[in-house]
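Step one of this worksheet: look at the structure below.
Just so it is clear, none of the values below were taken in a lab; they were calculated from the coordinates. Fair warning: this is a prediction, and the values are worked out from it, not measured in the lab. Quick reminder, even Gly has a Cβ in these numbers, built from the backbone with ideal geometry, and neighbours come from all protein chains shown.
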Amino acid sequence: MESINWYPGHMKKTRELIQENLKLVDLVCEILDARIPLSSRNPVIKEITGAKPRIVVLNKSDLASPAQNDLWERALSDGGASVIQTNANSGEGAKKLLALLERLRAEKNEGRERKRPLRLMIVGIPNVGKSSLINRLAGGKSAKTGNKPGVTRGKQWINIGEGIMLLDTPGILWPKFEDPSVGLDLAFCGSIKDETMDLTELGLELIGRLAEMYPDMLAARYRLSGILDTPLGNMEAIAEKRGFVMSGGRIDYERTARTVLDEFRAGKIGRITLEEAALKN
Ligand SMILES: Nc1nc2c(ncn2[C@@H]2O[C@H](COP(=O)(O)OP(=O)(O)OP(=O)(O)O)[C@@H](O)[C@H]2O)c(=O)[nH]1
Ligand SMILES: [Mg+2]
């Protein structure tokens, strides 16, 4: 598959928005996708947020391998950063994150007569769960969320009480993926608009990756008697098991691809981490 290169114009605006608001915040909270902790780290965010103190959140931890979550938490906190695993849907990890924010707010106000709120900018790639996590922390539906990238359009301050203010920002990608596998990871996990890609090819790539990394889960989900050597062979076997065969016996590749992508994204194939901490760190 050709390397995915998708950089809509509004990303530039988001970059400027982050830069302009940086001086207003005490720290930056970067939300990563626990299934792809490296690919979801935006080098542009790192570059523009520079020396601001940061918290790293591994969100969607419910969709990733629990053992890998723990390894990644350790690997990412190596440089001294606070790393917290969360599930913004169930609220798991939110208490721990809140406790950390409250501690930081108390530190900021030590010896101050007039208390100031702690201000935090929430940043990350599209669809990683920034707005969902903010809603969890705020205990209500303050920020708009959705099951596709590009839902948040502008900045929004949300007061979560206890003297803590969060700034929601639109998801941001960077102009060029040096390593094509990064683009694929982002696409598998739903951070790149599906409309900009060939879904059949993307599904084939995902089947190839799962066959290599999680063959047992793939076989179990689609009741395959074994894993074949080629992604296409496995895709055809999945299509046959699901009955995605059209008149004349033609296989509906697109429907099969979409099904595997949807089921992976929903966690139905299993808890899958596509980048192994032990291998890359
Ligand atoms: N399984 C799971 N789904 C999540 C989690 N957090 C968010 N989601 C889902 O992921 C989708 C995207 O969530 P949003 O909060 O809109 O993501 P965002 O980062 O604000 O996205 P943009 O504003 O488009 O950049 C929604 O369908 C959420 O329900 C999580 O921890 N686990
Ligand atoms: Mg959002």
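Brief remarks on what is shown
- Distance between the C-alpha centres of region 242-280 and region 134-176: 29 Å, rounded to the whole angstrom.
- Rounded to the nearest 20, the size of the Cβ-charge dipole of region 198-280 about its Cα centre is 380 debye, with Lys and Arg at +1 and Asp and Glu at -1.
- Calculated FRET efficiency for the pair residue 116/residue 216, C-beta based, R₀ 45 Å, to 0.05: 0.30
- Looking at region 176-219, the trypsin sites (Lys or Arg not before Pro) that sit in a DSSP loop and have at most 15 other Cβ atoms within 10 Å of their own Cβ are 176, 193.
- Remark: spin-label model distance residue 74-residue 52 equals 3.1 nm, labels positioned 7 Å along the Cα→Cβ axis.
- Within the listed set 88, 266, 64, the Gaussian network model of the chain (springs between alpha-carbon atoms below 10 Å) gives the highest mean-square fluctuation for 266.
- Our Cα-only numbers for region 120-225 put the radius of gyration and Dmax at 17.4, 57 Å.
- In units of the compact-protein estimate 2.2 N^0.38 Å, region 10-168 shows a Cα radius of gyration of 0.99.
- Approximate spin-label separation residue 67-residue 198, in nm, with each point projected 7 Å along Cα-to-Cβ: 3.6 nm
- By the compact-protein rule of thumb, 2.2 N^0.38 Å, the alpha-carbon radius of gyration of the chain corresponds to a ratio of 1.08.
- Which listed pairs, of 13/148; 46/115; 96/176, have C-alpha distances above 27 Å, in listed order: 46/115; 96/176
- Among 115, 144, 155, the largest mean-square fluctuation in a Gaussian network model of the chain, built with springs joining Cα atoms closer than 10 Å, belongs to 115.
- Per-pair calculated FRET efficiency, R0 = 22 Å: residue 90 and residue 276 via Cβ, rounded to 0.05: 0.35
- Computed from Cα atoms, the angle from the helix 199-213 axis to the main principal axis of the chain rounds to 90 degrees.
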